[in-house]
Amino acid sequence: MNKRNAIVLSFAVALIAPSCSSPTSPTSDLEEKKRIEIVTPDVTTQVSPVPPSPQRSIPFTMWFVGDPGTCNSEGPYLTAKMIPVGSPILGLGDFAHPRGREKDFVCFDDSWGKHISNIFPATGNHDDEDEQGLPYCKRFPDYCANGGYYSFDRESWHFVGLNSTEITQGQLIWLREDLRRNEKPCTVAFFHHPLFSSGTGGTKSVRLFWDELYKAGVDLVLNGHDHFWEVFTKQKPSGEKDTQGIRQITNGAGGVLLRTDAGRHVNSEGPVFSWGVGKLLLGSSEYSWEFQKVDGGIGSSGSEACNPKPVL
């Protein structure tokens, strides 16, 4: 994949419909005709600014899902039906198992293609293993071009998308500066690999992200990679419980074959072995989450106030 240094993008939640592989997606009621700013390293440009948020911002919904790309199960077709077309989605990576080839993206296009213009992607380890990552870049050209890391704001929330498949010094420098500039009271970061896991044991390299996120008082980290749902108590990067720490939620249950042999991490609520989608309701200084399972049940839910923000 071409990992060029950052470029600046102005990006709409309701994008122009993609190529014929993806049907036209209408904008959501909440975000109709509203543009948001994507901030990538070096420079910031905004074509159509977001109107100033009121003192109490209106709660809004953000969906999140990881590992929705496979031709080996009906899972992607079931989960893709659960989210209203036009809704904003944080895509937590692995859109095309097993190697990110054009033929691996066929079932993603057939199932999740109707959502593709509304997905904010994080690159997964299976997304660019072959064909130089070109099939992934074809579907997410803006995010592929800037190295896979970027940020944007909506209402009271700052969103930071990171690339955990290639953690460079440049990305870490950008992350530190992006968090320093952030003026929003609540922040969520999303990337593919989890630091903590009841399954794989976690990916230790993303501790580099966590160190910066924790110092900045980030509230929530969303990951995929592990093929189940899991919620952790608020923690420091070291894994020590901390009431002002970061809550990690993993949702790698977007449709790939589920991993059912995981135990239970000491700070975890315990894995939920079901396909499903995550739903966030994000308010002015608080948030709630739930895991909506394909069978119609709720596998997990909770709510939390945002952390006080330190001075950086």
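Coordinate-derived values only; no laboratory data. This one's a predicted model, so the numbers in the text were calculated from it and none came from an experiment. Cβ atoms come from the backbone with ideal geometry, glycine included; neighbour counts cover every protein chain shown.
Note on the range 69-228: Kirkwood hydrodynamic radius from all Cα pairs is 16.2 Å, rounded to one decimal.
Give me C144, C71 ranked fewest to most by other Cβ atoms within 10 Å of their Cβ, as a rough exposure proxy.
With the fewest neighbours first, C144, C71 line up as C71, C144.
Ranked by how many other Cβ atoms sit within 10 Å of their own Cβ, fewest first, the residues D219, D128, D110 fall in the order D110, D128, D219. In this structure, the pairs whose alpha-carbon distance is over 29 Å, taken from K81/K309; K114/K184; K234/K279; K204/K279, are K81/K309; K114/K184. Pull out a ≥ b ≥ c, the square roots of the eigenvalues of the alpha-carbon gyration tensor of the range 138-294, then state rounded if a/c is under 1.5, prolate if not and a/b is larger than b/c, and oblate in the remaining case. Taking the square roots of the gyration eigenvalues as a ≥ b ≥ c, the range 138-294 is rounded. Residue separation of S73 and D261 scaled by 0.36 nm, minus their Cα-Cα distance, works out to 65.8 nm of gained length. Between R181 and F273, the distance separating the two model label sites (each 7 Å from Cα on the Cα→Cβ line) works out to 4.6 nm. Rounded to the nearest 0.05, the FRET efficiency derived from the C-beta distance between S238 and Q169 at R0 = 22 Å is 0.45.
Over the range 236-286, the Kirkwood radius and the radius of gyration, each from Cα atoms, give a ratio Rg/Rh of 1.02.
Protection proxy ranking of 186-199, 74-87, by the mean of other Cβ atoms within 10 Å over each peptide's residues and highest first, is 186-199, 74-87. With a Förster radius of 25 Å applied to the C-beta separation of E286 and K138, the computed FRET efficiency comes to 0.05.
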